[in-house]
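Undergrad: Just dropping this structure here.
Derivation of every value follows stated rules applied to the coordinates shown; laboratory data play no part. Keep in mind the model is a prediction, meaning the values are calculated, not measured. FYI the Cβ positions are ideal-geometry reconstructions off the backbone, even for glycines, and counts take in every protein chain you see.
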Amino acid sequence: MELLRVTNLVKKYGSTNAVNGLSFHIDEGRCVSLLGANGAGKTTTLKMLSGLLEPTSGSISFQGTKQKDIRQYIGYLPQYPSFFNWMSGKEFLVFTAELAKLNRKEAEERSEELLERVGLLDAKKRKIGGYSGGMKQRLGLAQALIHRPKLLILDEPVSALDPLGRREVLDMMREIKQETTVIFSTHVLHDAQEISDDIIIINEGDIAISGELENVIEQYRQPIIQIEFDSDASSWIKEVESYSFVSEVNIQGNVANISVTDMAKGRHILLNEIVNQNLPIRKFELAQTTLEDLFMKVVKA
């Protein structure tokens with residue numbers, strides 16, 4: 001069932017289009033990742049979805065409602081959440097719950113429930129100023145969930161965290177998506193591939209690719225031969241680029257990623273040439289294009 005539909009969404013700042021006519025929909029119960037390089041328009045899009053930014057044009061409809069203000073249905077966690085550091089974790093959650101029009105009893109009960117869920121129950125009386133980055137992000141998730149939203153919007157939820165904090169938040173997102181619809185922005189492709197059902201890749205304010213994650217990867221999947229050399233082999237790589245079975249070559253240092261249309265033929269010919277020319281290699285590996293490969297191709301296009 002469709003939860004949210006975006007139609008021709010535009011945001012202009014002067015003569016600059018930050019978002020350029022985006023159209024997409026989010027189905028209920030899905031986890032959607034919004035992918036793009038810095039400056040692609042991810043944060044601007046999420047702020048418009050959350051009601052914090054007025055679109056220049058276009059429309060956002062929520063599950064058939066004609067209400068213009070849909071903030072009551074949405075939980076939002078900005079990339080850099082701010083807190084009242086003099087408050088305790090529980091005081092902050094009770095405060096946000098009451099802002100969301102829960103009565104005092106409901107606010108207390110819901111705060112305790114969420115503090116336990118995000119692993120902060122033992123720290124509920126501590127001042128937020130003494131929380132670590134990961135603890136603050138978990139508290140931010142709790143406040144975004146305080147009023148049981150139908151759509152949870154997260155802007156770069158793990159970008160500022162260390163590996164441990166990142167893993168904690170990703171694990172919680174995996175749990176949360178079982179009970180509510182989630183859209184989150186990120187430029188960490190591994191995170192998107194790990195927990196998303198659908199992806200939307202935007203580039204310079206436009207949608208480049210969108211769809212169910214597995215279908216997108218399958219549609220754009222291409223066999224790759226990855227060769228790591230001990231020394232420069234650029235002259236040989238230039239020859240390889242002209243071969244009929246080679247569709248693309250990407251070089252990073254002494255590593256060549258060779259996209260091929262025929263894996264068996266490519267493996268046979270390239271291995272023979274490496275042996276015959278005595279080329280010094282460290283690794284010869286057969287693989288498939290990943291979401292990161294697709295992302296890089298879109299961003300560089």
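Undergrad: Given the stretch 2-217, what percent of its DSSP beta bridges are antiparallel, to the nearest 5?
TA: DSSP beta bridges in the stretch 2-217 are roughly 55 percent antiparallel.
Undergrad: So, counting K/R as plus one and D/E as minus one, what does the shell of residues with Cβ under 11 Å around S88 add up to?
TA: +4
Undergrad: Let me ask you something else. Take the chain, connect every pair of alpha-carbon atoms lying under 10 Å apart with a spring to form a Gaussian network, then pick out the residue of I176, I237, I195 with the largest mean-square fluctuation.
TA: Per the Cα network of the chain with a 10 Å cutoff, I237 tops the list.
Undergrad: Compare the peptides 256-267, 238-249, 198-209 by average per-residue count of other Cβ atoms within 10 angstrom and give them in order, highest first.
TA: Averaged packing, sorted descending, gives the order 198-209, 256-267, 238-249.
Undergrad: Which lysines does K101 reach when only Cα atoms under 30 Å apart count, and residues fewer than 8 places away in its own chain are ignored?
TA: Here the lysines satisfying the reach criterion relative to K101 are K42, K47, K66, K68, K90, K124, K125, K127, K136, K150, K177.
Undergrad: Now, a different point. With just the Cα atoms defining each centre, how far is the stretch 129-199 from the stretch 90-120? Give it in Å.
TA: Each part's Cα centre sits 18 Å from the other's.
Undergrad: Can you tell me how the stretch 25-64 classifies by the Cα gyration tensor, rounded, prolate or oblate, using a/c under 1.5 as the rounded cut?
TA: oblate
Undergrad: Related question: Which option, (1) 1.08; (2) 0.97; (3) 1.14, is the value of Rg/Rh (Cα atoms, Kirkwood Rh) that was calculated from these coordinates?
TA: Correct label, based on the coordinates given: (1).
Undergrad: So how do 119-126, 185-192 stack up, highest first, on mean other-Cβ count within 10 Å?
TA: 185-192, 119-126
Undergrad: For the stretch 249-301 and the stretch 1-16, what is the separation of their Cα centres, given in Å?
TA: 39
Undergrad: Given charges of +1 on the Cβ of Lys and Arg and -1 on the Cβ of Asp and Glu, with all other atoms neutral, how large is the dipole of the chain about its Cα centre, in debye to the nearest 20?
TA: 1200
Undergrad: Related question: With +1 on each Lys and Arg Cβ and -1 on each Asp and Glu Cβ, how big is the dipole of the stretch 197-301 about its Cα centre, in debye rounded to the nearest 20? Don't jump to the answer; show the numbers that get you there.
TA: Values: 8 positive and 18 negative charges, 97 e Å.
Using Cβ point charges on Lys, Arg, Asp and Glu, the stretch 197-301 gives about 460 debye.
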